[in-house]
Amino acid sequence: MWKLVNGKLIQTTDVSRVKFRTNISKSILEQLNALAEEHDTYVNYLLENGLENVLAEGIILYNKELRPKDRVQYKTTYDKDLLENVKAFAKDHKLYINDVIEYSVQLIDLNNNIKGSSYKNRIEK
């Protein structure tokens, strides 16, 4: 992100975002990569949208027996407050965070509030 300070642009770190590492299904990641490219966005922005929708619904129907067997390590950044809410939601529902993340993919709404790839290069005052 960029900040406009005294008429000059200064590149800064977005403190509202935190790094997070988890394991997620490789096939789901491949689908998300294709979707992100098609819609000019990033995978983590798609996931954030899905996670917001999971939290908004407040319920999750997840069968632990059907967990994917093709999980790979995935590192990205998320909105700090959203990630904290997801952690609490996962704990309340006795699930792992990666279970909630994988479940959230089916709730991604491409017509509602997906940040574009240019969002990380925005200019704030």
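Each value in this text was obtained by applying a stated rule to the coordinates, not by laboratory testing. Quick caveat, the model's predicted, so the values are computed rather than measured. So basically every Cβ, Gly included, is an ideal-geometry build from the backbone, and we count neighbours across all protein chains shown.
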*Once label points are set 7 Å from the Cα along Cα→Cβ at both N23 and T76, what is their separation, rounded to one decimal in nm?*
1.9
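Expressed in nm to one decimal, what extension gain is obtained for the pair Y62 and S16 from 0.36 nm per residue of sequence separation less their Cα-Cα distance? Write down the numbers at each step before the final one.
Numbers: separation 46, 0.36 × 46 = 16.56 nm, distance 2.92 nm.
Between Y62 and S16, full extension yields 13.6 nm more.
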*Under 17 Å, Cα to Cα: Lys pairs in segment 8-114, sequence gap 8 or more or different chains*: 9
